[in-house]
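K.L.:
Quick one: this structure, given as structure tokens, is what I'll be asking you about.
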Amino acid sequence: MATEAKVLAPLDIRLARAPAGGFTSAARAAAHGRLVAMGLPGRRDEYWRYTDPAELNAPAAVTAENPMPEAPLSVSGALQIRFDGGVAAPLPQSPEGLDLALLSAADTQDIHWAGALFGVLEGEGQSPVKRPLAALNTVLATEGLLVRAGSGSHAIHVDYSIGSMGSDTYLHHCIRVGEGADLTLIESGRAGARSNILIEVDLAPGARFHHVRAQGRDADRRTVTHIFARIGAGASFKSFTFGENGRLTRNEAILDIRGDHAVAHVAGVALGNGAAVPVLHDDTVFITHGAVGCESRQVFKKVLRNGATGVFQGKILVKPGAQKTDGYQISQSLLLDEDSQFLAKPELEIYADDVKCSHGSTTGAIDETALFYLRSRGVEKDRATALLVLSFLADAIAEIEDPDLADQIVARLEDWLGLGAAE
Amino acid sequence: MLKIQNLHVKLEAEDKPILKGLDLTVETGKVHAIMGPNGSGKSTLSYVLSGRDGYEVTEGTAELDGVDLLSQEPEERASEGLFLAFQYPVEIPGVGNMTFLRTALNAQRKARGEDEVSAGDFLKLVREKAKSLKIDAEMLKRPVNVGFSGGEKKRNEILQMAVLEPKMCILDETDSGLDVDAMKLVADGVNALRSPDRAFLVITHYQRLLDHIRPDVVHIMADGRIIKTGGPELALEVEQNGYADLLAEVK
Ligand SMILES: Nc1ncnc2c1ncn2[C@@H]1O[C@H](COP(=O)(O)OP(=O)(O)O)[C@@H](O)[C@H]1O
Ligand SMILES: [Mg+2]
């Protein structure tokens, strides 16, 4: 019991000042209880073997150094919403069919539509794998977006900035997309020196949700995110994350496919250069197929150099009766030197007999033959290497449906590769 | 144009000599052919000239118009005007053929201090060259060599050569794996590029390509050396009698 008390110790300070909340109060209390029972994550936990959660557990954020100025993604026609160090700017006017509110404002009410989501999907997502940092978010987050897309097609761009260099940001977003509605959510920038962002997404039958995020280019940041999604019949969920450097990043996606013939795609590109500060980038995914004829797809690619570490933990669980499931998972890393490493744990657990599931994971270096081929045509070594990196990333980039956003992401990765000025 | 003297090459990783004192001079405006049995070192010669890693030059020199090739990076040699049509062209998924070609052309022009070619001019240039090689727009849009048939890959090599306009072209078994029609297309492509300012070194295992690309000089290579040099009739001799007689003659 001594060790358990030690793991909980840093929590006490934060739990002591936990907000009470209005409509969220029951959910916060329940999460509080879960958290105390689970404790904070530690290296002995099965899903924290590769990633040390100490800096995410610590009572306060470490002050960030050497911030790099960064332009947000540019998204025309989207509603712009800003959070600076976790503090929201006033919301824009909501168009017809879209209901927007800030958690801080709504939480003065005792009853709200988001009460059916807040902490609920997170709570359901605590089994079979526990996710204490998500419960911590439910307890502590006082700000976030509550978005309800009832009808029509909408786009929201959430633009984060760090606020102060010591900002410790907790944001909790709840999103519901109604039957036949379509919502695009774009997130860009770093939300804090340390940030813990949680998104709960509920997709009604036939709803469509597209998510693209770029998590910043600052090296000195610690980030943990969770997306919990409940996906209804015939609905489509697509999420893509782009990350550059970052001392510590843990992105979890917990997707629960409940309705028949639904689609869930989650993809990511991470570029890690450990030259300035160490880089660890961790994608942890859990997809549950609980319905018939659904498709899930995970495509994760990491390019690592100068001692950067990449982690991928991805699971597909096919429940009894989830026949005609089509589950695909690929995780790959390209190591640009011998100091970097990639740790992958792909898992399949299948309880239905008529399914098609595959997973693959590879680690490799730049293909010398291809590099020579390009150079023999006159392309300088760095540019040739960059072209091969783009080649490696192509099928992950292809998961971004919007060509304009895909171009912006490619421009950022060309920048990272030192090719910003080319072409 | 190309002057190779007493070239000795071994594998970097092991003490295996492959080229053992090779001498060869190709004059501007000429087409030279190298024929020889498998394993005699023909591909190695082409790789060493274009700068591939993994080989070590232990002795000898190679110059292109008086410039030392062996001390240069592969991309520098390309900008100097050297081009190798690969025996096995490489597939590069995710990189479009057009992007690849334009990047290569502009990189070479930049290295030579010339202006880059605009997107519009480039498109015109490639379309025109592609047409005569029967390479359609669809093929140009696809990733480099991905899903190309053997013949398409070889035609794509010749297209690159036509666009980059090198002065010294080395073709390594460009005929292998081609049917007669494809070989004619490739040969026509090469013949169209023949000029008084340009030289070719055509490496082939068989004589049939030389029916279409008529060489000025034919060399026979065996065991890392040029063992015999002659006119086009030498290729016919090989065709009729194989390499055995020639090899015996030298020994
Ligand atoms: N990278 C390599 N590793 C091992 N052996 C090689 C390598 N490159 C060439 N060789 C050997 O060198 C010899 C010449 O090969 P190559 O140049 O391909 O001949 P050719 O093109 O005339 O058929 C062969 O015995 C081949 O096995
Ligand atoms: Mg060969």
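K.L.:
Considering the stretch A:51-71 alone, what residues qualify as being part of a loop (DSSP other than H, G, I, E, B), under 23 Å from A:D282 (Cα atoms) and open to solvent by 60 Å² or more (accessible area, probe 1.4 Å)?
P.N.:
A:D52, A:A60, A:V62, A:T63, A:E65, A:N66, A:P67, A:M68 - these are the residues of the stretch A:51-71 that are part of a loop (DSSP other than H, G, I, E, B), under 23 Å from A:D282 (Cα atoms) and open to solvent by 60 Å² or more (accessible area, probe 1.4 Å).
K.L.:
Can you run down the residue pairs with Cβ atoms below 7 Å, 6 or more apart or on separate chains, where the first is in the stretch A:136-157 and outside any strand (DSSP E or B) and the partner is among the polar types (S, T, N, Q)?
P.N.:
A:L136/A:N196; A:N137/A:N196; A:T142/A:S104
K.L.:
Which of the residues spanning the stretch B:108-129 are under 19 Å from the mean Cα position of the chain (by Cα) and away from every other protein chain (no Cβ under 14 Å)?
P.N.:
Of everything in the stretch B:108-129, just one residue is under 19 Å from the mean Cα position of the chain (by Cα) and away from every other protein chain (no Cβ under 14 Å), namely B:K129.
K.L.:
Then there is this: Could you tell me which of the residues A:G364, A:G418, A:G327 is open to solvent by 40 Å² or more (accessible area, probe 1.4 Å) and in contact (Cβ under 8 Å) with a residue 12 or more places away in the chain?
P.N.:
On inspection, the qualifying residue turns out to be A:G418.
K.L.:
Return the pairs, sorted by first residue and then second, in which the second residue is of a type in the set (V, I, T) and not in a strand (DSSP E or B), the first residue lies in the stretch B:42-70 and is within 14 Å of chain A (Cβ to nearest Cβ), the beta carbons are less than 6 Å apart, and the residues are 6+ apart or on different chains.
P.N.:
Pairs that qualify, where the first residue is within 14 Å of chain A (Cβ to nearest Cβ) and the partner is of a type in the set (V, I, T) and not in a strand (DSSP E or B), are B:Y55/B:V48.
K.L.:
Scan the stretch A:343-373 for residues that are facing another protein chain (nearest Cβ under 7 Å) and among the charged types (D, E, K, R) and jot them down.
P.N.:
Of everything in the stretch A:343-373, just one residue is facing another protein chain (nearest Cβ under 7 Å) and among the charged types (D, E, K, R), namely A:E368.
K.L.:
Could you check, for the stretch B:177-189, whether at least one of its residues is without any contact (Cβ under 8 Å) to a residue 60 or more places away in the chain and within 16 Å of ligand 2 (Cβ to nearest atom)?
P.N.:
So far as the stretch B:177-189 goes, yes, one or more of its residues are without any contact (Cβ under 8 Å) to a residue 60 or more places away in the chain and within 16 Å of ligand 2 (Cβ to nearest atom).
K.L.:
Moving to a separate point now. Yes or no: the stretch A:213-220 includes at least one residue that is assigned to a loop (DSSP other than H, G, I, E, B), under 24 Å from A:T142 (Cα atoms) and in contact (Cβ under 8 Å) with a residue 24 or more places away in the chain.
P.N.:
yes
K.L.:
Something else about it: Let me confirm something: among A:R305, A:R250, which residue is in the same structural domain as A:D337 (by TED's automatic domain parsing) and open to solvent by 10 Å² or more (accessible area, probe 1.4 Å)?
P.N.:
A:R305
K.L.:
Which condition breaks for B:T229 when tested against (1) free of Cβ contacts under 8 Å to residues at least 60 places away in the same chain; (2) within 12 Å of B:I34 (Cβ to Cβ); (3) open to solvent by less than 50 Å² (accessible area, probe 1.4 Å)?
P.N.:
If we test B:T229 against (1) free of Cβ contacts under 8 Å to residues at least 60 places away in the same chain; (2) within 12 Å of B:I34 (Cβ to Cβ); (3) open to solvent by less than 50 Å² (accessible area, probe 1.4 Å), just (3) comes out false.
K.L.:
Oh, and also: Within the stretch A:374-386, which residues are open to solvent by less than 10 Å² (accessible area, probe 1.4 Å), at negative phi and at the interface with chain B (Cβ under 7 Å from one of its Cβ atoms)?
P.N.:
A:S376, A:R377, A:V379
K.L.:
B:P143 - would you say it is open to solvent by 30 Å² or more (accessible area, probe 1.4 Å), modelled with pLDDT under 95 and within 14 Å of chain A (Cβ to nearest Cβ)?
P.N.:
Yes, satisfied.
K.L.:
A further question follows. Name, by its number, the condition in (1) part of a strand (DSSP E or B); (2) buried (at least 22 other Cβ atoms within 10 Å of the Cβ) that does not hold for A:K238.
P.N.:
All conditions pass for A:K238, except number (2).
K.L.:
Separate question: Identify, please: which residue in the stretch B:25-41 is hydroxyl-bearing (S, T, Y) and more than 16 Å from ligand 1 (Cβ to nearest atom) and is, among those, farthest from the other protein chains (Cβ to nearest Cβ)?
P.N.:
B:T25
K.L.:
For the stretch B:196-203, does any single residue satisfy the condition of being within 16 Å of ligand 2 (Cβ to nearest atom), more than 26 Å from B:G150 (Cβ to Cβ) and open to solvent by 60 Å² or more (accessible area, probe 1.4 Å)?
P.N.:
no
K.L.:
Residue by residue through the stretch A:260-278, note down the ones that are open to solvent by 10 Å² or more (accessible area, probe 1.4 Å) and not β-branched (V, I, T).
P.N.:
A:D260, A:H261, A:H265, A:N273, A:G274, A:A275, A:A276, A:P278 - these are the residues of the stretch A:260-278 that are open to solvent by 10 Å² or more (accessible area, probe 1.4 Å) and not β-branched (V, I, T).
K.L.:
Quick one: which of B:L24, B:L70, B:L19 is among the aliphatic types (A, V, I, L, M), modelled with pLDDT of 95 or more and under 16 Å from the mean Cα position of the chain (by Cα)?
P.N.:
Only one candidate passes the filter, namely B:L24.
K.L.:
In the stretch B:209-232, how many residues are within 17 Å of the chain's Cα centre (by Cα) and either away from ligand 1 (no atom under 16 Å from the Cβ) or within 26 Å of B:H8 (Cβ to Cβ) (or both)?
P.N.:
The total comes to 11.
K.L.:
Go through the stretch A:149-181 and give me each residue that's under 20 Å from the mean Cα position of the chain (by Cα) and of a type outside the set (A, V, I, L, M).
P.N.:
The answer is A:H157, A:D159, A:Y160, A:S161, A:S167, A:D168, A:T169, A:Y170, A:H172, A:H173, A:C174, A:R176.
K.L.:
Here is a further query. Test each condition in (1) assigned to a strand (DSSP E or B); (2) closer than 25 Å to A:Q408 by Cβ for A:E200 and report the one that comes out false.
P.N.:
(2)
K.L.:
Can you tell me which residues in the stretch B:74-84 are more than 7 Å from every other protein chain (Cβ to nearest Cβ) and over 15 Å from B:R198 (Cα atoms)?
P.N.:
Result: B:E76, B:R77.
Yes/no matrix, rows are residues, columns are (1) in contact with a Ser or Thr (Cβ under 7 Å, 6 or more places away or on another chain); (2) without any contact (Cβ under 8 Å) to a residue 24 or more places away in the chain:
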site	(1), (2)
A:L40	no, no
A:T63	no, no
A:P69	no, yes
A:L100	yes, no
A:A105	no, yes
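K.L.:
Could you tell me which residue of the stretch A:395-410 is nearest to the other protein chains (Cβ to nearest Cβ), considering only residues that are open to solvent by less than 30 Å² (accessible area, probe 1.4 Å) and in a helix (DSSP H, G or I)?
P.N.:
A:I397
K.L.:
On to the next question. If I go through the stretch A:121-144 residue by residue, how many of them are buried (at least 21 other Cβ atoms within 10 Å of the Cβ), over 16 Å from the mean Cα position of the chain (by Cα) and closer than 21 Å to A:I186 by Cβ?
P.N.:
Count: 1.
The values are calculated or read from the model by the stated rules, or taken from the named source; none is laboratory data. No experiment lies behind these values; they were computed from the predicted model shown. Don't worry about glycine lacking a Cβ; one is built from the backbone with ideal geometry, like all the others, and counts go over all protein chains shown. When the accessible area is computed, the model is the full protein with side chains, heavy atoms only, and any ligands, DNA or RNA have been set aside. Shrake-Rupley method; radii C 1.70, N 1.55, O 1.52, S 1.80 Å.
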